[in-house]
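This report refers to the structure that appears directly beneath it.
The values are calculated or read from the model by the stated rules, or taken from the named source; none is laboratory data. Nothing here was measured: the structure is a model prediction, and the numbers come from that model. Backbone-built Cβ (ideal geometry, glycine too); neighbour counts: all protein chains shown. With ligands, DNA and RNA removed, areas are computed over all heavy atoms of the protein, side chains included. Shrake-Rupley method; radii C 1.70, N 1.55, O 1.52, S 1.80 Å.
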Amino acid sequence: MRGRMWKLAIYLFLLGFILNLLGIVTHVVVSSFAKRWFGKPLPPAFTTDWFTYAWREFELSHVLFITLFIALAVVFIALAIGFPAAYVLARRNFNAKPVLLLLYFLPLLIPQMTYGIPLATTLYGFGVGGTVIGVILAVLVPMVPLAVFILLPFFEQISFNLEWSAQMLGASRLQIFRRILLPLMLPGILTAGLLVLVNTISNFELAFLLAGGGSQTLVVALYYNVFAGGVRPVYSIDAMAVIYMCTVMAVLLVALRFVRPTQMVFRLDGRRN
Amino acid sequence: MRPSRAYAGRGMADSIDKLQMSITKRYGGKVVLDQFPLEIVGREFVTFLGPSGCGKSTALGIIAGLVPPSDGEIHLNGRRIDDVPPEKRGFGMVFQNYALFPHLTVFGNIAFGLSLQKRSSEEIDKRVRDMLGLVRLAGYEDRYPGQLSGGQQQRVAIARALVLHPRLMLFDEPLSNLDAKLRVEMRAEIKQLHTRLGLTSIYVTHDQAEALSLSDRIVVLREGVLMQVGTPQEIHDRPKNVFVADFMGFRNFLDVTLGKEAGGMIEAGFKGQILQARARDSFHPGERAVLAIRPEDVRLGQSGDGVNVLRGKVELVEYLGREQEAEITLDGGARLWVRSHEKIVLGETLDLTLPADKFVLLRRE
Amino acid sequence: MARIRSDSRSELDLVAILCLTPSLLYVLAMFVYPFLYGIYISLQPKKRDAGIFSNYVAFFNDAYQCNTIKTTFMLALPTTIAVVLVALFLAYGMRRGIWFERTITTILVLPISLGVVFLSEGILGFYGHNGWLNQLLLAVGLIQNPLELTHNSIGVIFSLFMQNFPFCFLMLLGYISGIDPSLESSARMLGAGPWTIFRRVMFPLIAPGLIIAFALVFVMSFAVFPSAVMVGQPAGSTRTISIAAYQQAFEQYDMSYASAIAVIMGLCQLAALVVIVLVRRRMTIATTMGVGKR
Ligand SMILES: Nc1ncnc2c1ncn2[C@@H]1O[C@H](COP(=O)(O)OP(=O)(O)OP(=O)(O)O)[C@@H](O)[C@H]1O
Ligand SMILES: [Mg+2]
């Protein structure tokens, strides 16, 4: 009996959490379609005008392009330099390995706001602050380690013997890489790529600190408009928020076909892997 | 907090007279135990024997109260105990992986149940130390489970359950994680403790040697269905069906058609030959049946009267140390396993005698 | 290629070093160097004649700045306690598996993926003065005047909760369901009821994970920025330390002072971590001794 009550309490809480989340999301969606909405449960009239308004006024085509460009660049670079590092960290033993692992883990552990300000200072000093390159360079700081730590267990799953037997069969190192490691690592690369993609699109702090006028990502642009509340109609801001949500959800839906949801919280759970 | 234990203060005298049950357990639609009947009297050592996945642990869990039965009742000394939660049944249990609390020392583990009963610290100290002596672990009080060998962990697990003087001890494959030598040693220790302390025990295993050496009675299970209950000798010598026979080491099963019965013997037609076997009730002439015999009961060479002699060629020889076991293809094409001290040479043709009184007559399935 | 894995021999050959170099250089150049550089310029105040610690002195002498530490702490601590307690309660209750596990975890992951900016915008609407919640409560008659749930610290704590709870929950769920279930069964067989099992068996085993979760949530909450600005009152009751740092950097253009504040923020987080680690040491000396079965 007591066990039942306990279970019930748990499910009620979860239900509450989910309803609340649903409410939050739905409110934004409803508001984005509202002609005017004040103090009523539902807006009296609906319109899609705010989307065209937002698209035009906030230059969303440009913002979306910038966002995707940054995201893809980050994914590509993070994988390109994370992959070989993960290979070595998974396969080789050396004295400095624990230190190295800790070093790679720190950008995931320390809040981005804490190291973001000195990082921004440095990048502005190099003259890349406020540019697309600056944003890419900054966002890569946590994303390279993220890629490394996602790829690591995938490498560990691939048996040493596979590489050795390929070697015994006369394969060179390049051939081993191309014909054994790469195909076997595809799921890992996919997982890492998708998670880096989602995290980059929704990354706020670093993109915010580094973005200038022409290099705002979608979420940064959204923030500025919410922050400047009152300048634009709230419905148009919500329309923008919906566009942002759809972008993230699209990537997320693809990601969830290949990735366990719990892998999403990896970045703070990494130590146990 | 609620009162910790209904049977607190109970001594050894308060053991069980009789445990009766008949239970069914389903997981989803799958029947894991099908009206599994059991009756145990005090001071008995009963073993559940069966292959992996046959429902032994489930049955034990139901007796312990850890697994709710789907159907059926459990009675202890005539009182129904289905609703009594495990912590109030006063049973002890030893788990396959020992389940020692990693954050407590050996002493803390063994004292755990006593401290829940709010015993005085002097009493706890004395009983834990006595128990440590009993399982030969004196001096290990302050070790953590991670610092003990498998056999030592096992003994702590047993001590932890025994220190509460359980009315019924439940062992779930307690030796399966140990190496072969330690297994034999520990099984002797368990049997000794059982006798010395006057326990009532149920023991789960899939090892027939363990079951034979420990038990007063063995319960053989197959996919949740009771196959046979009996003393080790009954199970060993007179299995009731092919499954039990196979499990108890009968390797040869001859499909026969029964003939006429005379003087306690019955004729069995096997591939055109007539074999003699001891007759059993409820088998009738004309019926199709199975004759089972162990490899070690098959004799090499002709017997005096020429009864039950088969001829075959040696196909395979396995060296077993003192003996060898050989697979022989009979003239009719059937195969027979033979075990013998005498040397068997691969490829030779042999006469084999199958003693009539070693045959067990079973129903064909 | 080294064939034998040995602890004594380093297996770093040229290829391995080449593989590591790009990422290592990146982390060193973009993470370690800025950190050190931040500390360095924080000691080079804008005003030429000031002493090297003058930024820090200024921070602690200026109540307006210095109070941000307290403000941030008062936001981060309640959030962390609430998140960890609720997550522990739920994860413990669900340790034997839950219905619709994948669906539930997917839904829980949503707020993490959507990010705090979107979430804050939604909270402003849903919990705002004229939001659905207030409308509902007014209609039902539970309240007479709308509740003020946004543009104050309640809103920020709420937003932080939504952001941090899922990750804490999923982490604890993984941790707790990894504990051998037969430990619980054996405690029951020894006479322990549900509460005793939690207190004497499960909690000591969960504690190390719980402390890590607590530390991570606290550090994350301590750096709160967007939700403090959007759903909070950035000029007043929720002016957190990261807002102070941001304002110095991008509104006053005093990178030196901004870096000093960032360093102070980092030190606060470090101090919290140290305290938490010390607590953990004391609590769990025993559990580090190893786990029962081999
Ligand atoms: N919680 C469960 N849910 C569904 N099926 C279960 C569950 N527990 C056990 N089973 C099934 O019940 C059957 C009996 O399981 P049980 O653990 O009793 O076997 P066992 O005889 O103890 O085997 P082993 O010797 O391997 O321990 C198995 O087929 C198992 O798959
Ligand atoms: Mg079992």
**Item:** Nitroxide proxy distance, nm - points 7 Å out along Cα→Cβ at A:Leu184 and B:Tyr319
**Value:** 3.8
**Complete:** Rounded to the nearest 10 Å², the accessible area of A:Tyr124 using a 1.4 Å probe with every protein chain kept is 80
**Item:** Between the stretch C:28-80 and the stretch B:202-269, the alpha-carbon center distance in angstrom
**Value:** 82
**Asked** Label points 7 Å out from Cα along the Cβ direction at C:Ser177 and B:Thr24: separation in nm?
**Response** 3.1
**Complete:** On the accessible surface of chain B, probed at 1.4 Å with all protein chains in place, carbon and sulfur together account for a percent value of 48
**Message:** Need one number: nm distance between label points at B:Glu122 and A:Met5, each 7 Å from Cα along Cα→Cβ, rounded to one decimal.
**Reply:** 4.1
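Rounded, prolate or oblate: which fits chain C, taking a ≥ b ≥ c as square roots of the Cα gyration tensor eigenvalues, rounded meaning a/c under 1.5, else prolate when a/b beats b/c?
Working: a/c = 1.93, a/b = 1.09, b/c = 1.77.
Oblate, since a/c reaches 1.5 and b/c is not below a/b.
In chain A, which longest range has no trypsin sites (Lys or Arg not before Pro) that are both DSSP loop (not H, G, I, E or B) and surrounded by at most 15 other Cβ atoms within 10 Å? Please report the intermediate quantities before stating the final value.
Details: sites that count: A:Lys35, A:Arg36.
Longest stretch, sites excluded: A:37-273.
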**Asked** In terms of modelled amide H atoms, which long-range or inter-chain residues lie less than 5 Å from the amide H of B:Ile74?
**Response** B:Ile81, B:Asp82
**Message:** Pick from A:Ile150, A:Ile70, A:Ile24 the residue whose mean-square fluctuation is largest in a GNM of chain A, springs joining Cα atoms under 10 Å.
**Reply:** A:Ile24
**Fill in**
Of A:Phe204, C:Phe35, ordered by accessible area with the largest first and a 1.4 Å probe, the sequence is C:Phe35, A:Phe204
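When Lys and Arg each count +1 and Asp and Glu each count -1, what net charge do the other residues less than 14 Å away from B:Phe48, Cβ to Cβ, add up to?
Details: positive: B:Lys25, B:Lys56, B:Arg217, B:Arg222; negative: B:Glu39, B:Glu44, B:Asp172, B:Glu173, B:Asp207, B:Glu210, B:Asp216, B:Glu223.
Result for the neighbourhood of B:Phe48: -4.
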**Complete:** Computed over the stretch A:48-272, protein heavy atoms only, probe 1.4 angstrom, the accessible area per residue in square angstrom equals 39
**Request:** Anything losing 10 Å² or more of accessible area from the isolated chain to the full protein assembly: pick those residues out of the stretch B:86-106, probe 1.4 Å, ligands and DNA/RNA ignored.
**Result:** B:Pro86, B:Glu87, B:Phe91, B:Met93, B:Phe95, B:Asn97, B:Ala99, B:Leu100, B:Phe101, B:Pro102, B:His103
**Message:** What does the C-alpha gyration tensor say about the overall shape of the stretch B:279-357? Classify as rounded when a/c is under 1.5, otherwise prolate if a/b is larger than b/c, or oblate.
**Reply:** prolate
**In the stretch B:73-123, the trypsin sites (Lys or Arg not before Pro) that fall in loop regions by DSSP, at most 15 other Cβ within 10 Å** = B:Lys118
**Asked** Under the classification rounded if a/c is under 1.5, otherwise prolate if a/b is larger than b/c and oblate if not, where does the stretch B:221-347 fall, given a ≥ b ≥ c as square roots of the Cα gyration tensor eigenvalues?
**Response** oblate
**Message:** Please give the Cα centre distance for the stretch B:26-73 versus the stretch B:298-318, rounded to the nearest Å.
**Reply:** 43
**Message:** Students often forget the sequence filter, so: which lysines lie under 24 Å Cα-Cα from B:Lys18 once same-chain residues fewer than 8 apart are removed?
**Reply:** B:Lys56, B:Lys88, B:Lys191
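Could you tell me the calculated FRET efficiency between C:Ala207 and C:Ala58, based on Cβ-Cβ distance and R0 = 56 angstrom, to the nearest 0.05? Show your work: numbers first, answer last.
Values: r = 41 Å, r/R0 = 0.73.
After rounding, the FRET efficiency stands at 0.85.
Considering only protein heavy atoms and a 1.4 Å probe, what is the carbon-and-sulfur percentage of the accessible area of the stretch A:1-47?
On the way: 2250 of 2980 Å².
Carbon and sulfur atoms account for 76 percent of the accessible area of the stretch A:1-47.
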**Request:** With θ set to phi - 60°, apply the Karplus curve 6.51 cos²θ - 1.76 cosθ + 1.60 along the stretch C:84-90 and write out the HN-Hα couplings as whole Hz, x wherever there is a Gly or Pro.
**Result:** 5, 5, 5, 5, 5, 4, 5
**Message:** In whole Hz and in residue order, list the ³J(HN,Hα) couplings for the stretch C:124-131 that follow from phi through the Karplus curve 6.51 cos²θ - 1.76 cosθ + 1.60, θ = phi - 60°; x for Gly and Pro.
**Reply:** 4, x, 6, 9, x, 3, 9, x
**Prompt:** Can you give the calculated 222 nm mean residue ellipticity of chain C, where each DSSP H run of n ≥ 4 adds -39,500 (n - 2.57) and the sum is split over every residue, rounded to the nearest 500 deg cm²/dmol?
**Reply:** -21500 deg cm²/dmol
**Prompt:** With axes computed from alpha carbons, what is the tilt in degrees of helix A:218-227 against the longest principal axis of chain A, rounded to the nearest 10 within 0 to 90?
**Reply:** 40
**³J(HN,Hα) computed for each position of the stretch A:142-148 - Karplus, 6.51 cos²θ - 1.76 cosθ + 1.60, integer Hz, glycine/proline x** = x, 6, 4, x, 4, 4, 4
**Asked** Which FRET efficiency value, to the nearest 0.05, do you get for C:Leu147 and C:Leu273 by plugging their Cβ-Cβ distance into 1/(1 + (r/R0)^6) with R0 = 30 Å?
**Response** 0.25
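Let me know the mean shielding of A:15-25 by other chains, meaning the per-residue number of their Cβ atoms within 10 Å of its Cβ.
6
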**11 Å cut-off, amide nitrogen to a point 7 angstrom out along B:Val307 Cα→Cβ, residues in the stretch B:246-268** = B:262-267
**Fill in**
Note: A:101-113 gets an average of partner chain Cβ contacts (10 Å, Cβ to Cβ) equal to 5
**Request:** For the stretch B:221-365, please report how many Lys pairs fall under 25 Å Cα to Cα, leaving out neighbours fewer than 8 apart on the same chain.
**Result:** 10
**Request:** Calculate the length of the line joining the C-alpha centroid of the stretch B:149-174 to that of the stretch C:147-194, in whole Å.
**Result:** 33
**Per residue value of the accessible surface for chain C (all protein chains in place, 1.4 Å probe), Å²** = 44
**Item:** Calculated FRET efficiency for the pair B:Asp237/B:Glu185, C-beta based, R₀ 41 Å, to 0.05
**Value:** 0.90
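With n ≥ 4 as the cut-off for DSSP H runs, can you work out [θ] at 222 nm for chain B, using -39500 (n - 2.57) per run divided by the number of residues, rounded to the nearest 500?
Working: 8 runs with 84 residues, N = 365.
Mean residue ellipticity at 222 nm (helix-derived): -7000 deg cm²/dmol.
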**Asked** In nm², what is the average projected area of the convex hull enclosing the Cα atoms of chain B?
**Response** 22.8
